[in-house]
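As structure tokens, the structure follows; a few thoughts come after it.
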Amino acid sequence: MNLFVTGGAGFIGSNFVRMAVERGHSVLNFDALTYAGRRENLSDLETIANYKFIQGNICDESSVRSAFEQTFNGNFDATINFAAESHVDRSIHSARIFSETNVLGTATMLEVSKACGVPIFIQISTDEVYGSLGASGNFSRSSPLNPSSPYSSTKTAADLIALSFHHTWGYDVRITRCTNNYGAYQFPEKFIPTIITRALRGDAIPVYGDGLQVRDWIYVKDHCEGIFEVLESGKPAQTYLFGGSSEMTNLDLSKTILTSLAKKTAKSENEFLKLITHVTDRLGHDRRYSMDWSTSESELGWTPTTSFERGIEETVEWYLRNEAWWKSLIG
Ligand code: NAD
């Protein structure tokens, strides 16, 4: 297939693009290269004929249109919209750029994709559109949309605009909503890379509030597998939920990673653990997320295949091997 991928220089997008090219798909990676995007993440693909990179902003209609027209003779089988401002903390400090990229950018991608005759549009969304859970239960397709942060509110708006293109024109729009991803190439500001990179530098590791917020973690390649399933056998206007069934508190997650680091470096576990520093909680911090992804199993045959134990070992080792990559991003 010929795929128009936005945000392919970011964390999940670059993992997805690499897998897509390895599977024989042709990919145009259209990315603005914000602070979160690194063209070098996929520089080894640039000599391959079925991979193209164009720097551009998804809010800029004429750039998006000309990227469609000048690549693969204008023939695309699907648009996959990963591009977003993705960090909740940044959205609390400045909501405007989140509204621009996540809402206007998605609307622009929908309009141009439809106008250029791209048959399928996949919107990459998040479990955060459902808001926060109590100690038990999980989100399902029928859970009400109840976003809390500026980030999740703009992602919710984007999902609704995407679905409106189906209701209005019958456009084949498919939505994916996934829990927290981890793996290679995640920008160091996110929680797992923060733990690893600050521990390796001997810096305090900030843990919000009591650290008992619960997140479900999924290995990024399992999420990408789900997106391929949606591309190949998803249905129009359907929402597909993905999760790793690996729920844990932020504090337990920090300890697990630091234990793993101690086994792989010369420092002791205690030297790492004493770096954990509780800081003032994030404003409006969601307490718990959890996903019932059984509909993705029954309808797509998808299940996550990487255990948290294996995925986190691979991730820790990736950050140990790629110190130059993350050091260049944090200065
Ligand atoms: P990321 O921040 O690592 O990457 C975002 C990419 O989008 C970057 O390459 C950036 O340069 C690009 N971008 C930003 N604004 C752009 C614009 N205006 N035009 C073109 N490109 C632009 O994000 P990520 O963690 O890889 O997340 C990718 C998608 O998956 C996002 O839509 C996010 O909401 C969603 N998601 C992420 C997670 C997670 O745990 N990371 C979980 C569920 C859903």
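The values are calculated or read from the model by the stated rules, or taken from the named source; none is laboratory data. Being a predicted model, the structure only gives us computed values, none of them experimental. A quick note on method: Cβ atoms are made from the backbone with ideal geometry, for glycine too, and the neighbour counts reach across all protein chains shown. Heavy atoms of the whole protein, side chains included, go into the accessibility calculation; ligands, DNA and RNA do not. Shrake-Rupley method; radii C 1.70, N 1.55, O 1.52, S 1.80 Å.
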- Would you calculate the separation in nanometres between label points at Ala135 and Ser62, each defined as 7 Å from the Cα along the Cα-to-beta-carbon direction? 5.9
- Query: Between rounded, prolate and oblate, where does region 249-309 land on the alpha carbon gyration tensor, with a ≥ b ≥ c its root eigenvalues, rounded for a/c under 1.5, else prolate if a/b exceeds b/c?
  - Reply: oblate
- Direction-averaged shadow area of the convex hull around the Cα atoms of region 109-234, nm²? 9.8
- For the chain, what is one quarter of the convex hull surface built on the Cα atoms, given in nm²? 15.8
- Where does region 132-203 land on Rg/Rh, using Cα atoms and the Kirkwood Rh? 1.11
- Message: Counting only Cα atoms, I'd like the Rg/Rh figure for region 43-83, Kirkwood definition for Rh.
- Response: 0.96
- So, with a 1.4 angstrom probe, what is the percent of accessible area on the chain that is carbon and sulfur? 49
- Message: How large is the Kirkwood hydrodynamic radius of region 169-291, counting all unique pairs of alpha carbons, in Å?
- Response: 16.2
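Might you tell me the accessible area per residue for the chain, computed with a 1.4 Å probe and given in Å²? Kindly include the intermediate steps, with their values, before the conclusion.
Details: 13330 Å² over 331 residues.
Counting only protein heavy atoms, the per-residue value for the chain is 40 Å².
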- Theoretical FRET efficiency, 1/(1+(r/R0)^6), r = Cβ-Cβ of Trp325 and Glu271, R0 22 Å, to 0.05: 0.35
- In whole µm²/s, the translational diffusion coefficient that Stokes-Einstein assigns to region 28-122, given a Kirkwood hydrodynamic radius over C-alpha pairs, 4 °C and 1.567 mPa s, equals 92
- Message: Suppose a student asked you for the relative contact order of region 94-180, using Cα pairs under 8 Å spaced at least 6 residues apart; what percent would you report?
- Response: 42
- Ranked by how many other beta carbons lie within 10 Å on average, peptides 85-94, 135-144, 288-297 from highest: 288-297, 85-94, 135-144
- If you line up the long axis of helix 106-115 against the longest principal axis of the chain, both from Cα atoms, how many degrees apart are they, to the nearest 10? 30
- If you average the sequence gap of Cα pairs under 8 Å that are 6 or more apart and divide by the length of region 1-143, what percent do you get for the contact order? 24
- In region 58-106, if every C-alpha pair distance is counted and binned at 10 Å from zero, what percent goes to each bin? 24, 42, 24, 10, 0
- Query: What does the charge count near Tyr240 come to, summing +1 for each Lys or Arg and -1 for each Asp or Glu among other residues with Cβ under 10 Å from its Cβ?
  - Reply: +2
